[in-house]
1. Any residue at all in the stretch 224-246 that's of a type outside the set (A, V, I, L, M), in contact with a Leu (Cβ under 9 Å, 6 or more places away or on another chain) and at positive phi?
2. Among the strands (runs of 3 or more DSSP E) contained in the stretch 65-183, which hold 1 or more residues that are among the hydrophobic types (A, V, I, L, M, F, W, C) and over 30 Å from G261 (Cβ atoms)?
3. Can we say I93 is outside the structural domain of R170 (by TED's automatic domain parsing), in contact with a strand residue (DSSP E or B) (Cβ under 8 Å, 6 or more places away or on another chain) and surrounded by fewer than 22 Cβ atoms within 10 Å (Cβ to Cβ)?
4. Can you name every residue in the stretch 218-250 that is at pLDDT 85 or above, under 18 Å from S29 (Cβ atoms) and assigned to a loop (DSSP other than H, G, I, E, B)?
5. Can you confirm whether Q212 is at pLDDT 95 or above and not in a strand (DSSP E or B)?
6. Check whether at least one residue in the stretch 77-93 is small (G, A, S) and farther than 18 Å from A183 by Cα, and report yes or no.
7. Which of the residues spanning the stretch 188-207 are closer than 29 Å to D102 by Cβ and either surrounded by 18 or more Cβ atoms within 10 Å (Cβ to Cβ) or touching a strand residue (DSSP E or B) at 6+ places or on another chain (Cβ under 7 Å) (or both)?
8. Which of (1) surrounded by 17 or more Cβ atoms within 10 Å (Cβ to Cβ); (2) out of contact with any Pro (no Cβ under 9 Å at 6 or more places or on another chain); (3) hydrophobic (A, V, I, L, M, F, W, C); (4) assigned by TED's automatic domain parsing to the domain that holds P12 is the odd one out, the single condition V210 does not satisfy?
Amino acid sequence: MPTRGYIGRFAPTPSGALHFGSLIAACASYLDAKAHHGRWLVRIDDIDTPRVQPASITHILHTLESFGFEWEGDIRYQSEHLHTYQHALDTLIDEQHAYACDCSRKAIFNRQANGIYDGHCRLRALTPRADCAIRFNIAPYSTGPYLFHDAIQPQHQFDLTTLLGDFILRRRDGLFGYQLACAIDDAEQSITHVVRGSDLLNSALAQTLVLQALKRPTPHYAHHPIALSAEGIKLSKSANSPALATHQATHLLWQALDFLGQQPPNALQHASLSELWPWAITHWQRDAIARQQQRTTTP
């Protein structure tokens, strides 16, 4: 594992407050960067403007500061880099890695019950219009099982046709897709390592394909288990998971470390953040996460 030149990041969507699942992702990415003497950046993934709650940006940054996270450099906002995404999209279209699609959601589900796009418009050679989506053409990459290496998850061979289909790069409403924006951001920020929840493993596949098509370096990926509520639902903003209580920062951080298999001493539950963070950085073991299964947590 390289210990020089490491650049990691945490990239929350400002659609609500951070919750315990967010803390796990922030903690894992932060500690992996710090333990390898790397840099840790914060990015605000505000490309999906209908979901953005502007007040949550301030709340997110305040929460990170209250938990003792320290990031380097300026915060990057996706909404300020639309021209960068458009340039990448134009390149993908020009080099036939992407194409226009006018299929409605209903038409896609009528053809494919699971909603995975079937490549219907690949050969139609539609002129890219404002009312068309732009999709990535996975055909050159799906001639056989696609091998993807993850530092935490077991190694898998994926069938891209049934898992991803030709995924969206630009939506029919004109908004850039998450897979395009995230991939380009990671390349533009020279991100070398992405540590995040296993629910984004499919996104890593899509983002890797985008970067490969653009001949840009791809990060090393590590996807940790995700936390579930007592009802077995993934902790998320859309599920209205409780916001992190900043007055319980040390206790919640200890729980996040425990969830990630780091076995923090019980005595540190009552320590200060200035005591807990150095212990966590010094004793960080990414391999310990792989021994943890998806777990239910009710912090």
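1. No, the stretch 224-246 contains no residue that is of a type outside the set (A, V, I, L, M), in contact with a Leu (Cβ under 9 Å, 6 or more places away or on another chain) and at positive phi.
2. So the answer is 98-101, 133-136, 168-170.
3. Against the criterion (outside the structural domain of R170 (by TED's automatic domain parsing), in contact with a strand residue (DSSP E or B) (Cβ under 8 Å, 6 or more places away or on another chain) and surrounded by fewer than 22 Cβ atoms within 10 Å (Cβ to Cβ)), I93 does not qualify.
4. Within the stretch 218-250, T218, P219, P225, I226, L244 qualify.
5. The answer is yes for Q212.
6. no
7. L200, S203, A204, L205, A206, Q207, listed by residue number.
8. Only one criterion is unmet by V210, namely (4).
The values are calculated or read from the model by the stated rules, or taken from the named source; none is laboratory data. In this text, all values refer to a predicted model and were calculated from it rather than measured experimentally. Counting neighbours? That spans all protein chains shown, and the Cβs are built from the backbone with ideal geometry, glycine included.
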